[in-house]
Structure formats: C-alpha cells, structure tokens
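These notes are about the structure you will find just below.
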Amino acid sequence: MQLTNLPILVMATVLAFGDTASADAWCHDSFTPLYQKYEVKATEVPASDIPAICGGLWSNLKRFASCGATGTFCGTIDGFPTTLTWRFNAPWGCNHGMVHSAWWEATQNKWGGISCVNFGHPDP
C-alpha cells in the first residue's frame with residue numbers, strides 16, 4: 001500500500017466506527033462444558049423497533065450452521081422498556097465473529113457495536 005493512501009484508510013476507519021464510541025451496547029459470554037451462553041444488551045432502543053430487531057438478530061444468526069441457538073430470548077425486561085436484551089445458548093462452534101456479524105446486520109451498530117467478552121475461556 002502506498003503511504004499516500006494511508007490518510008484515506010484512516011479516515012474510512014474512523015467513519016466506520018465513529019458512531020459506536022458513545023453508544024451503549026455490550027456482549028458477554030460464559031460457558032458450560034457443552035455450550036456457550038451469550039447475552040447482548042443495548043440501551044435507548046425505541047421500544048417499537050425491538051421486535052423487528054429481534055427478528056433480524058435470529059434470522060442473521062441462523063446463517064451460521066454452528067450457531068443453532070437454544071434457551072432463546074430477545075426483547076425487553078420489565079422496567080427497562082428501551083433496553084434490548086438478546087440471550088441464547090449456542091454450541092462451541094458459534095464464535096464471537098458470528099455473533100458480531102448477526103448484530104451488525106440487524107442493527108448496523110446504531111446502538112453501538114459489540115465485542116463479546118469472555119468469562120473464563122478463550123474465544124472458540
């Protein structure tokens with residue numbers, strides 16, 4: 001790559017991730033011997049948008065054969081009408097990149113990008 005293209009690359013990167021810095025979305029996963037438990041949350045999501053976003057999340061996750069989800073939930077929790085909660089269990093083959101991709105496709109990171117954090121194991 002020529003150095004003259006470097007400023008363009010830097011600017012494109014800043015623009016791509018600029019909206020996520022102040023957004024409030026997060027992801028973590030924990031594990032059992034047989035599967036991973038994922039939980040993703042985003043705040044200040046319009047309540048009227050949540051059903052469509054949830055549909056998109058499940059649809060996008062299904063693109064990955066190794067992400068056959070069980071123990072599923074997507075919606076709001078009592079008392080938090082604008083907090084989207086997305087939970088599911090998935091086999092070990094369902095890695096963070098697949099979850100991140102499903103999130104991006106469903107939300108375009110409008111409420112923040114996610115980077116799943118492990119609790120007690122390496123990313124599969």
Legend entry - Which listed residue, of CYS67, CYS74, CYS116, is surrounded by 14 or more Cβ atoms within 10 Å (Cβ to Cβ) and touching a residue at least 40 places away in the same chain (Cβ under 8 Å): CYS116
Inset, instruction - Look at THR83 and say whether it is closer than 15 Å to CYS54 by Cβ, of a type outside the set (A, V, I, L, M, F, W, C) and surrounded by 18 or more Cβ atoms within 10 Å (Cβ to Cβ). - result: yes
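Kindly indicate whether ALA42 is under 14 Å from ALA25 (Cβ atoms), surrounded by 15 or more Cβ atoms within 10 Å (Cβ to Cβ) and in contact (Cβ under 8 Å) with a residue 60 or more places away in the chain. Give the derivation first.
Numbers: under 14 Å from ALA25 (Cβ atoms): yes; surrounded by 15 or more Cβ atoms within 10 Å (Cβ to Cβ): yes; in contact (Cβ under 8 Å) with a residue 60 or more places away in the chain: yes.
Judged against the criteria, ALA42 is a match.
Which members of segment 42-80 meet the condition of being part of a strand (DSSP E or B), modelled with pLDDT under 95 and of a type outside the set (Val, Ile, Thr)? Even if it seems obvious, please write down each step before you answer.
Taking segment 42-80 first, the residues part of a strand (DSSP E or B) are 42, 70-77, 80.
Pick out the ones that are also modelled with pLDDT under 95 and you get 77, 80.
PHE80 - this is the single residue of segment 42-80 that is part of a strand (DSSP E or B), modelled with pLDDT under 95 and of a type outside the set (Val, Ile, Thr).
Looking only at segment 97-116, filter to residues that are in a helix (DSSP H, G or I) and either among the β-branched types (Val, Ile, Thr) or at pLDDT below 95 (or both); which one of those is nearest to ALA25 (Cα to Cα)?
If we filter segment 97-116 for residues that are in a helix (DSSP H, G or I), which is where we start, we get 97-107.
Filter again for either among the β-branched types (Val, Ile, Thr) or at pLDDT below 95 (or both), leaving 99, 107.
On the way: VAL99: 13, THR107: 11 Å.
Within segment 97-116, the match that is nearest to ALA25 (Cα to Cα) is THR107.
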Inset, instruction - Filter segment 101-124 down to residues that are of a type outside the set (Val, Ile, Thr) and touching a strand residue (DSSP E or B) at 6+ places or on another chain (Cβ under 8 Å), then give me how many there are. - result: 12
Legend entry - In segment 51-96, the residues that are of a type in the set (Lys, Arg) and more than 15 Å from ALA25 (Cβ to Cβ): LYS62, ARG63
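Going by the structure shown, is GLY93 without any contact (Cβ under 8 Å) to a residue 60 or more places away in the chain and either in contact with a strand residue (DSSP E or B) (Cβ under 7 Å, 6 or more places away or on another chain) or in a helix (DSSP H, G or I) (or both)? Steps first, answer last, please.
Working: without any contact (Cβ under 8 Å) to a residue 60 or more places away in the chain: yes; either in contact with a strand residue (DSSP E or B) (Cβ under 7 Å, 6 or more places away or on another chain) or in a helix (DSSP H, G or I) (or both): no.
Here the answer is no, as GLY93 does not meet what is asked.
The values are calculated or read from the model by the stated rules, or taken from the named source; none is laboratory data. Note that the structure is a prediction, hence the values are computed from the model and not measured. With ideal geometry, Cβ positions are generated from the backbone for all residues, glycine too; neighbour counts draw on all protein chains shown.
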